[in-house]
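Note sheet for the following structure.
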Amino acid sequence: MLSEGLKRVQREVDSVFDAFLPVPGDTRARLVEAMRYAAIGGGKRVRPLLLVSTAEMFGVDRDAALRAGCAVEAIHVYSLIHDDLPCMDDDDLRHGKPTVHKVFDEATAVLAGDSLHALAFEILSDLGTSNDPFTRAELIATLAMASGKDGMAGGQMMDMVAEDADYDLHTITRLQQLKTGALLAASVEMGAILGKVPPEGRAQLRAYARDIGLAFQIADDLLDEEGDEAKAGKALRKDGEQGKATFVSLMGADKAREQAHALVEQAVAHLAGHGEEADMLRALARFIVERDR
């Protein structure tokens, strides 16, 4: 079920990005080609699948949910483009292919990231995503908060200074809740928003998202320490080389692995009030700690 679900959403996300990113017949072409290079044909698409699977639990039209999922993915992709730049992590490889600034140039990579950031909110503000202005406004606010200083970008800033900071487990947990967890949580929240679930009815879904967000990052830390670069499609073991504290360095690999599995089981337990309509969310939770990339 999960394998087919991931393959399907990967095809669908590529199709949505293809429709939103036609290459213009003028000197903007290089910019759009860079956006397409980064956004189409790469990535697991966990965030769109989380959003679509949550939305479908509440009877939301799949096409509308896919558009919202692509908005989250646009933010994720922009963050990877910028993260790979020499001024940040300085990576040459992403998803098994050269990074955007290597194929194009640094200035084009910056603009491609900027433009994907803008595209996310263009998609969410479009009537094709929802004909309800209140729903569109809540989707935009949720993704904006998850992307900025109180979300992903804030976590990235904490991570950038981690080499010179003495982070304890509590601080590392906070860092990862922002850097990695915020967009995962937003994906689940936005699926519920599309489903017209009131805020007070989202507590269990929020708890599920919080737990899988931490499990996802612990799994990433384990992969960075023990994984295969060929399978990962990117450079590994950079955190250790830079002296950054991680879940693995602070807890040890065995305890970190135990914690990730415990978080996944806890996440699945939060879905006990749902039936088979939540099976994809349950499968996604387990995939997070079993993946090899």
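Laid out as a table, the results:
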| read-out | value |
| --- | --- |
| Percent of Cα-Cα distances greater than 18 Å, calculated over the range 63-150 | 48 |
| Out-of-range pairs (alpha-carbon distance over 27 Å; input LYS44/LYS102; LYS179/LYS255; LYS149/LYS255; LYS7/LYS149; LYS7/LYS244; LYS97/LYS255) | LYS149/LYS255; LYS7/LYS149; LYS7/LYS244; LYS97/LYS255 |
| Most mobile of VAL264, VAL161, VAL248 in a GNM of the chain (Cα contacts under 10 Å) | VAL161 |
| For the range 170-203 and the range 112-142, distance of Cα centres in Å | 17 |
| 222 nm mean residue ellipticity, helices alone, for the chain (DSSP H n ≥ 4; -39,500 (n - 2.57); rounded to 500) | -21000 deg cm²/dmol |
| Binned Cα-Cα distance frequencies in the chain - 10 Å width, integer % | 6, 29, 37, 22, 5, 0 |
| Cα-based convex hull, the range 250-293, per residue volume (Å³, whole number) | 65 |
| The range 78-208 - Debye-derived log10 I(q)/I(0), Cα point model, q = 0.11, 0.15 Å⁻¹ | -0.49, -0.85 |
| Value of Rg to Rh for the range 138-188 (Rh from inverse mean 1/r over Cα pairs, i.e. Kirkwood) | 1.04 |
| Choice from LEU263, LEU139, LEU271 with maximal GNM fluctuation in the chain (Cα, 10 Å cutoff) | LEU271 |
| For ARG94, residues with placed amide H under 5 Å, excluding near neighbours | THR99 |
| More than 19 angstrom apart: percent of Cα pairs within the range 1-100 | 46 |
| Solvent exposure of the range 1-66 as accessible area per residue, Å², 1.4 Å probe | 45 |
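The values are calculated or read from the model by the stated rules, or taken from the named source; none is laboratory data. Treat the numbers as computed from the prediction; the structure is a model and nothing was measured. Note: accessible area is taken over every heavy atom of the protein model, side chains too, but ligands, DNA and RNA are not part of it. Shrake-Rupley method; radii C 1.70, N 1.55, O 1.52, S 1.80 Å.
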